[in-house]
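Participant: The following block contains the structure, expressed as C-alpha cells.
Read the figures in this text as sums done on the coordinates, not as results from a lab. Nothing here was measured: the structure is a model prediction, and the numbers come from that model. Cβ placement follows ideal geometry from the backbone for every residue including glycine, while neighbour counts extend to all protein chains displayed.
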Amino acid sequence: MIKWMRLALRNILRNKRRSLVTLLAIAVGFAAISLFRGYTSNMYSGLKTMAIRGEGLGHLTIFKAGWLEKGKLDPEKYMFSKSEIEKISKLVTDESGVVLATPQINLSGIVSNGTVSTIFIAQGVVPRDDRTIKGDWAAFRPIKGEGLNEEKSYGVEMSQDLAGFLNLTSDKDGVVMAPTLGGQMNALDIHVSGVYDTGSDATNDKYMRLSFNFAQSLLDTEKTDRIVVLLEDTEKTGKMRKLLLAKLTSAGIACEIKTWNELSLFYSKARGMIDMMFLFIFCIVLVIVVMSTVNTMGMAVLERTREIGTLRALGLKRRGISMLFAMEGGLLGLLGSLIGAALHVCVWAVIRAIKPTYTPPGVSTPVPLTVDFVLQALVLLSICLVILSLIAAIIPAKRAARQNIVNALGHT
Amino acid sequence: MSLIEMQNIKKDYHLGETVVHALQGIDLEIYTGEFVAIWGPSGSGKTTLLNLIGAIDEPTEGNLVIAGTDVHSLSDNRKSELRNETIGYVFQGFNLVPVLSALENVMLPLQIKGTPSKEAKEKALYRLQEVGLTEFIHHRPAKMSGGQQQRVAIARALVNDPSLVIADEPTANLDSETARMIISIMRDLNEKDTITFIFSTHDQRLLDRVKRLVRLEDGRIIDGGNPLTGTDVSHGTHNVSVLNSSHSEREGEVLTAWPVEGATPLRGQTQAPLTNGGQS
C-alpha cells in the first residue's frame, strides 16, 4: 500500500501547478469552513451563556403543569404555592450536580417617574441566587450604580433606554403599577438602584429587574410561576430534566420542565439561522472541492491514458487503476486539508492578536469577533474532505479503469 | 511444447460504418523457447496479432490458447493475472512510468503481483544487471537514452520470469546500432532462460537475428516474398514456417507454422512449407 501511496504522491507532484491550484482550492475551502465553524462555535457558546446566565434562565425551569398553556388566563391556579416552592427547592437541590433552585416571577406593568409613564416587562429574582446564576457573566453587562440586594427590596435595575426615556438615573425614585393576581391595580414606589444595558435594542427600552419579594408584593401573592434550576454541567441538562421530572412527579407535584434552549427563543432562532448559513457555505465549498478534484483527476486520466494502458498490460487490474487514482484524489484532499489547517491556525492567531469587534444587528454594543479553535471540527472536516476528494476522484478513476487497453496504449 | 495456439483468428475494427478486417483467419502455433519475429509492412496486422497474443485484445472470431489457457473464457481479472504472471511486454515507445526510477519501473510487475518489496528489489536488480544497467537504477526515464529506456523495459518484461515476452516494434525508436544491441540482448536472454520472445518489426536489418520469421500481409500469414523463402537467416536466408489459410486452400492442404530448430509441429500433417529449404 505504501508503495502505491508513494506512486500516487509522485503523480500528484507531476503537474505541480495544477496540483497546487487544486490544493489551494481545498485548503482555502477548508480554512473558510473551519474558521466559520470556529466563529459559530464561539457564537453558540456566547448565546448559550447569555441565555443561561444573562437571561437568568438557568439550565432548567420548572413550571406547574398547565402554566405554559393556560397560566396567563388563570395565573393563581397555575402558580406554585409557598409550600410547593419550598418542597420543590429541597427535592431539587438534594440532587448532586444541582447548584441551586430559585423562584422567579415574570411580570409586566407601567412604570412612571411621576410625570411620564410607560410599559415595562420585569423579572423578579432572588438577588443572591441571581448573582450566583450570573456568575462571571455579570462582567459583560456592567450596571451603572448598584445591583439588586436583599436589604433594599424596592430597589430595581432598569434598562438604559427605559431609564433614559423616564429621565431616571441610579438613585432616583419612581413608581411601578401592575395588576395583582386578584385583578386589582397595585402601585409601589421604586428606587432605581442601577441602570444596565440588556445588549439588545429590542429590550433596552422596557426591561426591569426586581427583587423576588418586591415582585410578589406588586402582584400581591406568595406564589411564583417558575423555579429556575442551575446545574454544574450544561451537558447534563437533558439527563437532569428526566431525573427531576420523575422525582417531582413521584413526589406528587404535577409539573413540566423546560430546558434553557427551549425557553430561549433567541438562541434557537439564531442558531437555526447560523446553522443554515454554515450549511450553505459548506455546500459551496464542497462543490468547489469536488469540482477541483474531478477536474484535476480528469486531466490526469487524460494525460496518463497511455500509462494506464501500460499498467493494465503489466497486469494491474481495473480495481487497481481505480484505487490508484482514488488514492491520488484522497491524497489531494489530505494535503489540502493539512494546508487548510495551517491556514486556519494562522488566521486564528491573527484574529486573537488584533481582537476585532463588530456590532451585530439589534445589539447595542460592539462584540468581539472571536474564533474558537475546535480541534474536533478540524479533524472531522479533514476526514470529510479526504473522503469527498476520494469520491470525486472515483468518477475519473472508474473511467480510467474502463478504458480499452489497446486504445489506451495507442493514445498520444 | 506449444505456448501459443491460434485457430482461425479474425479481428475486425469498426471505423464508423466501415469494417476493417485487421486479421483474416490466422492459424499459428508458437513453441516454448522460440525467438519469433512477426514481419510485415505497416498495416499488415502485426500489432493486432501481438495484442491478441498478449491478451490485451479480444479476437472477433477464433480460438486463442496461451500456456494451455483458453483466453476467451477468462474474466478480465484472470486475464490481468495471466498478463502479469505469464507475459512480459516491451513497447515501441518504452512506456516507462516517468515518476519512477529504473529500479522502481522494473519492480512494478512484481508489486502488482504483490511480491514483498525486498524480494522484488532483488529480482529487479538482477534483471537490470542482466541488461547492463546497474549504474542507472536510480535514474528516472527522462534522464536515460532511448536504448537505456528500452533495456529497462526489457528488464521489466522479464522480472516476473514470464513464459513469453512480447515486443511490439521494440527497435522502432532506436538507431540501428542500439536496435541491434536490443535484439542481441533479447536473443541472449531467450537462449539463456528459454523464454519465448515474439516481436514485431518492419526493419529487415534485424531479421538475420531471429530464429523464426512469420510474415504478415493484409491480415494474413503468407509465405510469399523474400522471407518466405524459408532460408535460415543465420546463413543469409530466412528460416520461416507459416500457415496461411487462403494459401492453404490454394494448395489444398492444411499447413501449420512451426519452428525450424528441430521443433515438431503440433498441427498440420505436412512439412511441405519447409520444402523452401528452411533447414538448410
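Participant: What does the convex hull of the Cα atoms come to per residue for the stretch B:44-167, in Å³?
Facilitator: Per-residue hull volume (Cα only) is 111 Å³.
Participant: Oh, and also: Give the order of A:His344, B:His14 when sorted by the count of other beta carbons within 10 angstrom, beginning with the fewest.
Facilitator: Ascending number of Cβ neighbours within 10 Å: B:His14, A:His344.
Participant: Among the trypsin sites (Lys or Arg not before Pro) in the stretch A:150-213, which ones are in a DSSP loop with at most 14 other Cβ atoms within 10 Å of the Cβ? Mind listing them?
Facilitator: A:Lys152
Participant: Another question, if that's okay. Select from A:Asp130, A:Asp205, A:Asp233 the residue whose mean-square fluctuation is largest in a Gaussian network model of chain A (Cα-Cα springs shorter than 10 Å).
Facilitator: Result for chain A, Cα springs under 10 Å: A:Asp233 fluctuates most.
Participant: Follow-up question, since we're still on this one. Could you list A:Cys384, A:Cys283, A:Cys255 in order of exposure, starting from the residue whose Cβ has the fewest other Cβ atoms within 10 Å?
Facilitator: A:Cys283, A:Cys384, A:Cys255
Participant: Quick one: what are the phi-derived ³J(HN,Hα) couplings along the stretch A:248-259, Karplus 6.51/-1.76/1.60 with θ = phi - 60°, whole Hz, x for glycine and proline?
Facilitator: Ordered by residue, 3J(HN,Hα) equals 5, 4, 5, 8, x, 9, 7, 8, 10, 10, 10, 8 Hz.
Participant: Find which of A:Ala353, B:Gly62, B:Phe199 sits farthest along the positive direction of the dipole of the protein assembly as shown, computed with +1 on the beta-carbon of Lys and Arg, -1 on that of Asp and Glu, about the Cα centre.
Facilitator: A:Ala353
Participant: While we're on this one: Taking each pair of distinct Cα atoms in the stretch A:58-258 once, what is the resulting Kirkwood hydrodynamic radius in Å?
Facilitator: Answer for the stretch A:58-258: a Kirkwood hydrodynamic radius of 17.5 Å.
Participant: Among the listed pairs A:Lys64/A:Lys242; A:Lys77/A:Lys172; A:Lys90/A:Lys206; A:Lys90/A:Lys223, give every one whose C-alpha distance is greater than 26 Å.
Facilitator: A:Lys77/A:Lys172; A:Lys90/A:Lys206
Participant: Shielding of B:87-100 by partners, i.e. mean partner chain Cβ atoms within 10 Å per residue?
Facilitator: 4
Participant: A follow-up question, please. How big is the Cα convex hull of the protein assembly as shown in projection, averaged over all directions, in nm²?
Facilitator: Taking a quarter of the hull surface, the average projection is 44.6 nm².
Participant: If you plug each phi of the stretch A:332-341 into the Karplus form 6.51 cos²θ - 1.76 cosθ + 1.60 with θ = phi - 60°, what whole-Hz ³J(HN,Hα) values come out, in order, with x for Gly and Pro?
Facilitator: Coupling constants for the stretch A:332-341: 4, x, 5, 5, x, 5, 5, 5, x, 5 Hz.
Participant: Then there is this: Restricted to Cα positions, what overall size does the stretch A:37-173 have along the principal axes? Three whole-Å values, descending.
Facilitator: Here the Cα extents, ordered largest to smallest, are 47, 46, 31 Å.
Participant: Would you pull out the residues with amide H under 5 Å of B:Ile38's amide H, same chain only if 5 or more places away, H placed 1.01 Å from N?
Facilitator: It is B:Phe199, B:Ser200, B:Thr201, B:Val214, by chain and number.
Participant: Let me know the shape class of the stretch B:91-224, please: from the alpha-carbon gyration tensor, a ≥ b ≥ c as square roots of the eigenvalues, rounded when a/c is under 1.5, otherwise prolate if a/b is greater than b/c, or oblate.
Facilitator: prolate
Participant: Sorting B:Arg151, B:Arg220, B:Arg187 on the 10 Å Cβ count, fewest up front, what's the list?
Facilitator: Fewest to most other Cβ atoms nearby, the residues stand as B:Arg187, B:Arg220, B:Arg151.
Participant: Also, quick follow-up: Can you compute the helix-only [θ] at 222 nm over chain A? Use -39500 (n - 2.57) per DSSP H run of at least 4 residues, normalise by all residues, nearest 500 deg cm²/dmol.
Facilitator: The helix-only estimate for chain A comes to -18000 deg cm²/dmol at 222 nm.
Participant: Oh, and also: Which whole number gives the average count of other chain Cβ atoms within 10 Å of the Cβ atoms across peptide A:295-307?
Facilitator: If you average over the peptide's residues, the count of other-chain Cβ atoms is 1.
Participant: Order A:38-44, A:235-241, A:136-142, A:27-33 from most to least packed using the mean count of other Cβ atoms within 10 Å.
Facilitator: Highest mean packing first, the order is A:27-33, A:38-44, A:235-241, A:136-142.
Participant: Next question. Take chain A, compute every pairwise Cα distance, and split them into 10 Å bins from 0; I just need the percent in each bin.
Facilitator: 4, 18, 20, 17, 12, 11, 9, 6, 3, 1
Participant: Would you grab the residues whose amide H sits under 5 Å from the one on B:Glu61? Only those 5+ places off in sequence or on another chain, please, with H modelled 1.01 Å from N.
Facilitator: Placed amide hydrogens put B:Lys10 under 5 Å from B:Glu61.
Participant: Return one number: the angle in degrees, 0 to 90 and rounded to the nearest 10, between the long axis of the Cα atoms of helix A:2-14 and the longest principal axis of the Cα atoms of chain A.
Facilitator: The angle comes out at about 90 degrees.
Participant: Between rounded, prolate and oblate, where does the stretch B:1-95 land on the alpha carbon gyration tensor, with a ≥ b ≥ c its root eigenvalues, rounded for a/c under 1.5, else prolate if a/b exceeds b/c?
Facilitator: rounded
Participant: For the cross-link pairs A:Lys70/A:Lys269; A:Lys152/A:Lys236; B:Lys121/B:Lys143; A:Lys398/B:Lys123; A:Lys317/B:Lys123, which exceed 28 Å when the distance is taken from alpha carbon to alpha carbon?
Facilitator: A:Lys152/A:Lys236; A:Lys398/B:Lys123
Participant: Would you kindly derive the ³J(HN,Hα) couplings of the stretch B:91-100 from the backbone phi angles with the Karplus curve 6.51 cos²θ - 1.76 cosθ + 1.60 (θ = phi - 60°), listing them in order in whole Hz, with x for Gly and Pro?
Facilitator: Residue by residue, the stretch B:91-100 yields 9, 4, x, 6, 6, 7, 7, x, 8, 10 Hz.
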